[in-house]
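Visitor: I'd like to ask you about the structure that follows.
Every number in this text was worked out from the coordinates using simple rules, so none of it is lab data. Being a predicted model, the structure only gives us computed values, none of them experimental. Backbone-built Cβ (ideal geometry, glycine too); neighbour counts: all protein chains shown.
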Ligand code: GLU
């Protein structure tokens with residue numbers, strides 16, 4: 001029998017709001033119903049946006065909601081060791097240093113034959129028309145120029161051969177179009193995604209996929225906003241030989257006007273609702289659980 005192991009993985013960049021309550025309760029309820037375990041993971045690699053105060057609030061708010069998780073909690077900032085993943089991908093020639101400015105990226109996009117432009121995950125960069133020469137790269141590095149590590153979709157396609165077009169994953173939730181079952185992964189639709197920076201040896205995509213494998217997560221339960229990220233995560237799993245969890249993308253909770261809750265909107269936080277006298281049961285009712 002497979003062990004059911006899932007996780008709730010918030011980033012401490014603000015206080016949790018109703019959208020997080022729905023996401024967390026979905027994760028913890030599903031694990032309980034399956035007789036499995038739900039872990040809590042703190043995704044705090046972006047040190048400029050994450051705050052200790054928000055991390056503490058995550059523990060307090062989730063406990064108040066009735067969530068319970070095994071200790072110790074994995075804090076990604078304590079394990080920036082995923083750099084070795086970047087090293088492995090570099091050794092295989094699957095990532096490259098991109099020194100381009102936003103303007104140069106926009107010019108490359110405009111010149112691309114299919115003009116991919118904007119996607120659900122932000123700007124889709126199709127890669128440079130011609131790779132940078134080793135001499136130019138060495139010169140820029142010697143001058144200390146900043147760069148981003150980008151995954152080369154072209155190199156991945158060559159490396160995996162026909163497996164590249166056969167990548168898929170199991171979706172038990174909504175996916176993008178409400179379809180469940182096997183979903184064909186299309187990582188090429190995201191372009192050459194950034195996987196690290198000169199001064200930061202990892203990114204959300206790398207750290208999250210690495211930790212899901214390391215923590216033996218059997219089921220990833222998260223919002224539909226990350227459905228497209230899953231296509232890239234599936235490719236990383238294939239490149240690194242990591243196991244592939246089942247994915248369940250749940251709908252996002254919206255406010256009365258139909259807008260999704262976001263940290264930046266000063267959406268009603270769980271702590272504000274708690275001090276206004278709402279109970280965890282009231283919140284469950286509000287989010288339809
Ligand atoms: N840390 C991510 C976020 O807060 C979620 C990652 C995930 O569930 O895969 O949006």
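Visitor: Quick one: compute a quarter of the convex hull surface over the Cα atoms of the chain and quote it in nm².
Guide: Details: hull surface 67.2 nm².
Answer in nm², one decimal: 16.8.
Visitor: Here's a follow-up. What list do you get for 221, 153 if you sort them by fewest beta carbons within 10 Å? Before the final figure, lay out the partial values.
Guide: Details: 221 26, 153 22.
Ascending number of Cβ neighbours within 10 Å: 153, 221.
Visitor: Subtracting the Cα-Cα distance from 0.36 nm times the residue separation, let me have the gained length for residue 252 to residue 278 in nm, one decimal.
Guide: Working: separation 26, 0.36 × 26 = 9.36 nm, distance 2.13 nm.
The span from residue 252 to residue 278 would gain 7.2 nm if fully extended.
Visitor: Can you tell me the mean projection area, over all orientations, of the convex hull of segment 18-59's alpha carbons? Units nm², please.
Guide: For segment 18-59, the mean projected area of the Cα convex hull comes to 3.5 nm².
Visitor: How many angstrom lie between the Cα centre of segment 219-285 and the Cα centre of segment 123-201?
Guide: Their Cα centres are 24 Å away from one another.
Visitor: If neighbour count is taken as other Cβ atoms inside 10 Å, put 53, 256, 43 in order from fewest to most. Display every interim value, and only then the final one.
Guide: On the way: 53 9, 256 5, 43 20.
Listed from fewest to most nearby Cβ atoms, that is 256, 53, 43.
Visitor: Quick check on the exposure proxy: order 11, 279 from fewest to most C-beta atoms within 10 angstrom. The partial results should precede the final answer.
Guide: On the way: 11 19, 279 11.
Fewest-to-most Cβ neighbours within 10 Å comes out as 279, 11.
Visitor: Multiply the residue separation of residue 215 and residue 259 by 0.36 nm, subtract the distance between their alpha-carbon atoms, and state the gained length in nm to one decimal.
Guide: Working: separation 44, 0.36 × 44 = 15.84 nm, distance 3.35 nm.
Roughly 12.5 nm would be gained on extension.
Visitor: Using Cα atoms only, what is the angle between the long axis of helix 102-111 and the major principal axis of the chain, expressed in degrees (0 to 90) to the nearest 10?
Guide: On a 0 to 90 degree scale, this one is about 70.
Visitor: Based on the mean of other beta carbon atoms within 10 Å per residue, what is the order of 243-250, 142-149, most packed first?
Guide: Values: 243-250: 18.9, 142-149: 13.4.
In decreasing order of mean packing, 243-250, 142-149 become 243-250, 142-149.
Visitor: As an exercise, use a Förster radius of 25 Å and the Cβ-Cβ distance of residue 184 and residue 92 to find the FRET efficiency, rounded to the nearest 0.05. Write out the running numbers ahead of the final one.
Guide: Working: r = 24 Å, r/R0 = 0.95.
Plugging the Cβ-Cβ distance into 1/(1 + (r/R0)^6) gives 0.60.
Visitor: Still on this model: Counting each DSSP H run of 4 or more residues in the chain as -39500 (n - 2.57), what helix-only mean residue ellipticity at 222 nm follows after dividing by all residues, to the nearest 500 deg cm²/dmol?
Guide: -11000 deg cm²/dmol
Visitor: Report, please, the projected area of segment 156-289 averaged over directions, based on the convex hull of its C-alpha atoms, in nm².
Guide: Mean orientational projected area (segment 156-289, Cα hull): 10.9 nm².
Visitor: Starting with the highest mean, order 86-99, 204-217 by the number of other Cβ atoms within 10 Å, averaged over the residues of each peptide. Could the numbers behind the result be given before it?
Guide: On the way: 86-99: 17.1, 204-217: 20.9.
Averaged packing, sorted descending, gives the order 204-217, 86-99.
Visitor: What's the Kirkwood radius of segment 114-230 in Å, using all Cα pairs? It would help to have the intermediate numbers written out before the result.
Guide: On the way: mean 1/r = 0.0606 Å⁻¹.
After inverting the pairwise mean of 1/r, the radius is 16.5 Å.
Visitor: By how many nm would the segment from residue 170 to residue 199 lengthen if fully extended, with 0.36 nm per residue of separation less the alpha-carbon distance? Write out the running numbers ahead of the final one.
Guide: Working: separation 29, 0.36 × 29 = 10.44 nm, distance 3.49 nm.
Separation in residues times 0.36 nm, less the Cα-Cα distance, equals 6.9 nm.
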